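One structure is given below, encoded as structure tokens.
The values are calculated or read from the model by the stated rules, or taken from the named source; none is laboratory data. Every value quoted in this text rests on a predicted model; they were computed, and no experiment measured them. Here the Cβ positions follow ideal geometry from the backbone for every residue, glycine too, while neighbour counts run over all protein chains shown. To get the accessible areas, we keep the full protein, side chains included, count just its heavy atoms, and leave off ligands, DNA and RNA. Shrake-Rupley method; radii C 1.70, N 1.55, O 1.52, S 1.80 Å.
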Amino acid sequence: MRIVMLGAPGAGKGTQAKKISEKFDIPHVSTGDILRKEIKNETELGLEAKSFVESGKLVTDELVIEIIKNFIQGDSAENGFLMDGFPRNLAQAKKFAEMLEEIELKLDHVINIDVDNSEIINRLGMRRTCKECQKITSVAESSNGASCPECGGELFIRKDDEKEVIAHRLEVYEKETQPLIEYYSESGILIDIDGLGTEEEVTERILKSL
Ligand code: ADP
Ligand code: ZN
């Protein structure tokens, strides 16, 4: 199964991607996670990406294409994959289509998680990340606002979850990523999922639609 997951920042893409990839036993490829890891480890790639990621801009297409190419060419892509955060603009989507065509593979589903803007702004404002295990939590939901429900680690606000940066990320999303909804709906593989409700409810909706 080869799946692409679309949705605004804060739509719940990452959470759902993790569950769906576990369910179908396919690798979960999050370009955001990969970039953050590279930044943390201060690799060459990370140093190149840092200022873009932290200011809510997209990193260059070359850079993410390189990441995806490495993955596609590796063994772990054989059983399928779930892309989370890629492609993020039309140029990436077209390049991705070319890469898949070269190895005679096709996407099965593109899942678009739909959540309106006011809810997105709400959610991103409550979002905290664990310093230790990187798990993302909502401070409104966690019983103890100061520590990670998973490992007890300290929570912090990701640089790109700061208020001014959120507004910019939403603009980038609307301008760059939203056109992909139409692009994939033209090829008939788009599934629209209502992203409101509990995590479990949204997962149920996705599983039913596949
Ligand atoms: P979110 O979906 O919450 O915005 P991600 O973790 O997917 O966050 O991405 C965080 C940041 O990483 C983006 O704002 C961007 O700077 C960078 N990034 C991730 N994926 C891509 C991509 N495919 N193309 C360009 N930049 C990307
Ligand atoms: Zn943790």
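Can you tell me which residue within segment 145-178, out of those that are out of contact with any Gly (no Cβ under 7 Å at 6 or more places or on another chain) and of a type in the set (Asp, Glu), is nearest to VAL59 (Cα to Cα)?
Here the residue is GLU176.
Would you confirm whether or not segment 157-178 contains a residue that is within 16 Å of ligand 2 (Cβ to nearest atom), open to solvent by 70 Å² or more (accessible area, probe 1.4 Å) and at pLDDT below 95?
Yes, segment 157-178 has at least one match.
With respect to ILE113, is the statement that it is in contact with a Pro (Cβ under 9 Å, 6 or more places away or on another chain), open to solvent by less than 70 Å² (accessible area, probe 1.4 Å), within 15 Å of ligand 1 (Cβ to nearest atom) and within 24 Å of ASP192 (Cα to Cα) true?
The answer is no for ILE113.
Contact list please: Cβ distance under 7 Å, first residue in segment 184-210 and in a strand (DSSP E or B), second residue open to solvent by 70 Å² or more (accessible area, probe 1.4 Å) and modelled with pLDDT of 95 or more, pairs at least six apart or on different chains.
Listed pairs, sorted by first residue: ASP192/ASP114; ILE193/ASP114; ILE193/ARG205; ASP194/ASP114; ASP194/ARG205.
Mind counting the residues in segment 155-173 that are part of a helix (DSSP H, G or I) and over 12 Å from LEU6 (Cα atoms)?
Qualifying residue count, segment 155-173: 13.
If I ask for residues that are away from ligand 1 (no atom under 14 Å from the Cβ), assigned to a loop (DSSP other than H, G, I, E, B) and out of contact with any Leu (no Cβ under 8 Å at 6 or more places or on another chain), which ones from segment 117-141 would you list?
Selection gives GLU132, CYS133, ALA140, GLU141.
Give the residues of segment 118-139 that are open to solvent by less than 70 Å² (accessible area, probe 1.4 Å) and away from ligand 2 (no atom under 16 Å from the Cβ), sorted by residue number.
Matches in segment 118-139: GLU119, ILE120, ARG123, LEU124, GLY125, MET126.
Table: residues versus (1) at pLDDT 95 or above; (2) exposed (fewer than 12 other Cβ atoms within 10 Å of the Cβ); (3) of a type in the set (Ser, Thr, Tyr); (4) more than 10 Å from ligand 1 (Cβ to nearest atom).
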site	(1), (2), (3), (4)
PRO27	yes, no, no, yes
LEU35	yes, no, no, no
THR43	yes, no, yes, yes
GLY46	yes, no, no, yes
LYS50	yes, no, no, no
ILE67	no, no, no, no
PHE71	no, no, no, yes
ASP75	no, yes, no, yes
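Which one is farthest from ligand 1 (Cβ to nearest atom) among residues in segment 85-109 that are under 24 Å from LEU210 (Cα atoms) and charged (D, E, K, R)?
GLU104
Looking for whichever is within 28 Å of GLU132 (Cα to Cα), touching a helix residue (DSSP H, G or I) at 6+ places or on another chain (Cβ under 7 Å) and hydroxyl-bearing (Ser, Thr, Tyr) here; the options are THR203, THR198. Which one fits?
Being within 28 Å of GLU132 (Cα to Cα), touching a helix residue (DSSP H, G or I) at 6+ places or on another chain (Cβ under 7 Å) and hydroxyl-bearing (Ser, Thr, Tyr) holds for just one of THR203, THR198, which is THR203.
Can you name the residue in segment 163-205 that is among the aromatic types (Phe, Trp, Tyr) and in contact with a Leu (Cβ under 8 Å, 6 or more places away or on another chain) and is also nearest to ILE20 (Cα to Cα) among such residues?
Result: TYR184.
Residues that are open to solvent by 20 Å² or more (accessible area, probe 1.4 Å) and of a type in the set (D, E, K, R): does segment 79-87 have at least one?
No, segment 79-87 contains no residue that is open to solvent by 20 Å² or more (accessible area, probe 1.4 Å) and of a type in the set (D, E, K, R).
Tell me which of these LYS106 doesn't satisfy, since it passes every other one: (1) touching a residue at least 24 places away in the same chain (Cβ under 8 Å); (2) open to solvent by 10 Å² or more (accessible area, probe 1.4 Å); (3) in a helix (DSSP H, G or I).
(3)
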